[in-house]
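Student: Got a structure for you, written out below as structure tokens; questions coming shortly.
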Amino acid sequence: MRAFNFFSPETVEEALDLLSQHQDSIAVIAGGTDLIIDLNEGGKKPDYVLDISQLKELDYISESDGMLHIGANTTFATLEKNELISEYYPAIAKMADYMGSPQIRELGTVGGNVVSASVAGDSPTVFLAYDATVVLQSKRGTREMSIEEFNVNRGKFRCQIEDDELLIEVKIPQANSNFATAYRKFGKRKSLAIVVLATAMRIERDRDNRIKDARVTLGAVSLHPMRSPKIEKALIGKKLDMEELEPVLQLYTEEIDAAIASRPSVVYKREGIRGLAKGCMMDVLEQYGLV
Amino acid sequence: MQNILVNMTVNGEPISRETAPNRRLLDFLREDLGLTSVKEGCSVGECGACTVILNGKAVTSCLILVGQAIGTEVVTLEGLHGEDELDPLQQAFIDAGAVQCGFCTPGMILAAKALLDENEEPDREQIKRSISGNLCRCTGYEKIIEAIELARDRRLNK
Ligand SMILES: Cc1cc2nc3c(=O)[nH]c(=O)nc-3n(C[C@H](O)[C@H](O)[C@H](O)COP(=O)(O)OP(=O)(O)OC[C@H]3O[C@@H](n4cnc5c(N)ncnc54)[C@H](O)[C@@H]3O)c2cc1C
Ligand code: FES
Ligand code: FES
């Protein structure tokens, strides 16, 4: 590992000062489960490493102003054990349950996952379905943007973060009894399974148990997770009943064909996605008490 | 590069050492403190051989910078046994025949200890999940799971 100076600031303010001062050659470290591999293998060679893992200010899960706020330093283990999440945000709970191994869940943070924005990452697909907003802060000020806008490559990052910025939190519209959310993924094996194929959905129902609104996302089929307007449109207006929903599975296959037509894995993924999508539909019906 | 001062508690003993910051907790424990039960297998978080208990949680020490562990409490396998008595988990691993080459054993025992310290009576599924980040190339896992069940029962005096 190449030499660097190490900072462990005690407050976000101090961290932002250091970031602004050394922005040309500084790397932020939270859980370290992505960054240390890069440092160790020489993929990244910063002159300074800024440890934010001790910043309790960024470790919270709370509901306010109609939003669920997840602080950047929240680990996947914390998500997994949080009652608010397990009760009202089933797709986030599922993502935490699927992610990494016990050791990796203890270390890995939401902020690190979102900023890494890996093709094989879990949270981008899930947060896109939840219509998430990211909050970024630097000495210059605070800004917010949708996860969709955020997930566009910029310079050395696979997202829109600037060199002097910290990701502060991810926030999503608060759950209510008309929302149901689901997430399913394929990984290489149960533990340590980075995503090979994934899909998430957030459904909103009307009084007659018809689908009023739908957000459907597909993960690991393009540079960043994508929404499928085609599937969403097909779902809207449908009765919440497996027989009515099942024909939509064909559209998932068509979306995979369109996204990765030339890749050898398309033959598996075009079939596999139907199993994942059907699983999501079952989860949704179950959450509504309709099975 | 400026050295950093590392104060932490390791196996119950306070330690204070200066070190370069571009090192992992794994390197510091093995090379500076001589705690060679902490094994380096894959170096990328996948095998669990480097598992230690940090502030009560099992973590992979190959994915922690030494500076990030300042002020923490670390337990390695060396910290488990008493003067002349093994930890129930160590004894159970011997009794159940759960050790072959032994390379995975420290990490397995520590992952299991973090589980038993948090949940006195885990079921088989919970035990399997707790060691799902630890690879063993010898035993086929069955005996390891049995050993953890045995330790669980002995700890509960069953
Ligand atoms: C064995 C193994 C299994 C894994 N399994 C999975 C899996 O199943 N699913 C999955 O999605 N990922 C998986 N990962 C990847 C990784 O664990 C996750 O991406 C994790 O969430 C990263 O978080 P971290 O806190 O460890 O990030 P770090 O490594 O600390 O940081 C990652 C990147 O984000 C930046 N960063 C971190 N926090 C902030 C912040 N607040 N503001 C600005 N920049 C920031 C860092 O500078 C760095 O570029 C796995 C990794 C390993 C080693
Ligand atoms: S050496 Fe750390 S997990 Fe393999
Ligand atoms: S006993 Fe040899 S790797 Fe587990």
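The values are calculated or read from the model by the stated rules, or taken from the named source; none is laboratory data. Model, not experiment: these values are computed from the prediction. Cβ placement follows ideal geometry from the backbone for every residue including glycine, while neighbour counts extend to all protein chains displayed. Side chains are part of the model used for accessible areas, which takes the heavy atoms of the whole protein and leaves out ligands, DNA and RNA. Shrake-Rupley method; radii C 1.70, N 1.55, O 1.52, S 1.80 Å.
Student: What number of residues within the range A:95-136 satisfy the criterion of being charged (D, E, K, R), open to solvent by 20 Å² or more (accessible area, probe 1.4 Å) and modelled with pLDDT of 95 or more?
Tutor: Restricting attention to the range A:95-136, the residues satisfying the condition of being charged (D, E, K, R) are A:97, A:105-106, A:122, A:131.
Going one step further and asking which of them are open to solvent by 20 Å² or more (accessible area, probe 1.4 Å), we end up with A:97, A:106, A:131.
Filter once more, keeping what is modelled with pLDDT of 95 or more: A:106, A:131.
Final tally of qualifying residues: 2.
Student: Return yes or no: is residue A:100 within 12 Å of another protein chain (Cβ to nearest Cβ), more than 16 Å from ligand 3 (Cβ to nearest atom) and assigned to a helix (DSSP H, G or I)? Show your work before the answer.
Tutor: Values: within 12 Å of another protein chain (Cβ to nearest Cβ): yes; more than 16 Å from ligand 3 (Cβ to nearest atom): yes; assigned to a helix (DSSP H, G or I): no.
Judged against the criteria, residue A:100 is not a match.
Student: Here's a follow-up. In this structure, does residue A:288 turn out to be surrounded by fewer than 17 Cβ atoms within 10 Å (Cβ to Cβ), under 30 Å from residue B:45 (Cα atoms) and aromatic (Phe, Trp, Tyr)? Please lay out each step first, then the result.
Tutor: Details: surrounded by fewer than 17 Cβ atoms within 10 Å (Cβ to Cβ): yes; under 30 Å from residue B:45 (Cα atoms): no; aromatic (Phe, Trp, Tyr): yes.
Considered against the rule, which asks whether it is surrounded by fewer than 17 Cβ atoms within 10 Å (Cβ to Cβ), under 30 Å from residue B:45 (Cα atoms) and aromatic (Phe, Trp, Tyr), residue A:288 comes out as no.
Student: Which is in contact with a Ser or Thr (Cβ under 6 Å, 6 or more places away or on another chain), surrounded by fewer than 19 Cβ atoms within 10 Å (Cβ to Cβ) and of a type outside the set (Val, Ile, Thr), of B:125, B:83, B:73, B:120? Please lay out each step first, then the result.
Tutor: Values: B:125 fails: in contact with a Ser or Thr (Cβ under 6 Å, 6 or more places away or on another chain); B:83 fails: in contact with a Ser or Thr (Cβ under 6 Å, 6 or more places away or on another chain); B:120 fails: in contact with a Ser or Thr (Cβ under 6 Å, 6 or more places away or on another chain).
The conditions single out B:73.
Student: Out of the residues in the range A:24-52 that are over 15 Å from residue A:109 (Cβ atoms) and in a strand (DSSP E or B), which is nearest to ligand 2 (Cβ to nearest atom)?
Tutor: Looking at residues that are over 15 Å from residue A:109 (Cβ atoms) and in a strand (DSSP E or B), I get A:49.
Student: Can you find a residue that is hydrophobic (A, V, I, L, M, F, W, C), crowded, with 23+ Cβ neighbours inside 10 Å and in a loop (DSSP other than H, G, I, E, B) anywhere in the range A:76-94?
Tutor: Scanning the range A:76-94 turns up no residue that is hydrophobic (A, V, I, L, M, F, W, C), crowded, with 23+ Cβ neighbours inside 10 Å and in a loop (DSSP other than H, G, I, E, B).
Student: Return the residues of the range B:76-106 that are more than 14 Å from ligand 2 (Cβ to nearest atom) and within 14 Å of chain A (Cβ to nearest Cβ); say none if nothing qualifies.
Tutor: none
Student: What residue, among those in the range B:1-33 that are under 15 Å from the mean Cα position of the chain (by Cα) and part of a loop (DSSP other than H, G, I, E, B), is farthest from ligand 1 (Cβ to nearest atom)?
Tutor: B:12
Student: Now for a different question. Of everything in the range B:24-69, what is surrounded by fewer than 24 Cβ atoms within 10 Å (Cβ to Cβ), among the hydroxyl-bearing types (Ser, Thr, Tyr) and more than 7 Å from every other protein chain (Cβ to nearest Cβ)? Give them in sequence order.
Tutor: Answer for the range B:24-69, where residues must be surrounded by fewer than 24 Cβ atoms within 10 Å (Cβ to Cβ), among the hydroxyl-bearing types (Ser, Thr, Tyr) and more than 7 Å from every other protein chain (Cβ to nearest Cβ): B:36, B:37.
Student: In addition: Is it the case, given these coordinates, that residue B:146 is within 16 Å of ligand 3 (Cβ to nearest atom) and more than 27 Å from residue B:44 (Cβ to Cβ)? Quick ask: steps written out before the conclusion?
Tutor: Numbers: within 16 Å of ligand 3 (Cβ to nearest atom): yes; more than 27 Å from residue B:44 (Cβ to Cβ): yes.
Yes; evaluated as a whole, the condition is true for this residue.
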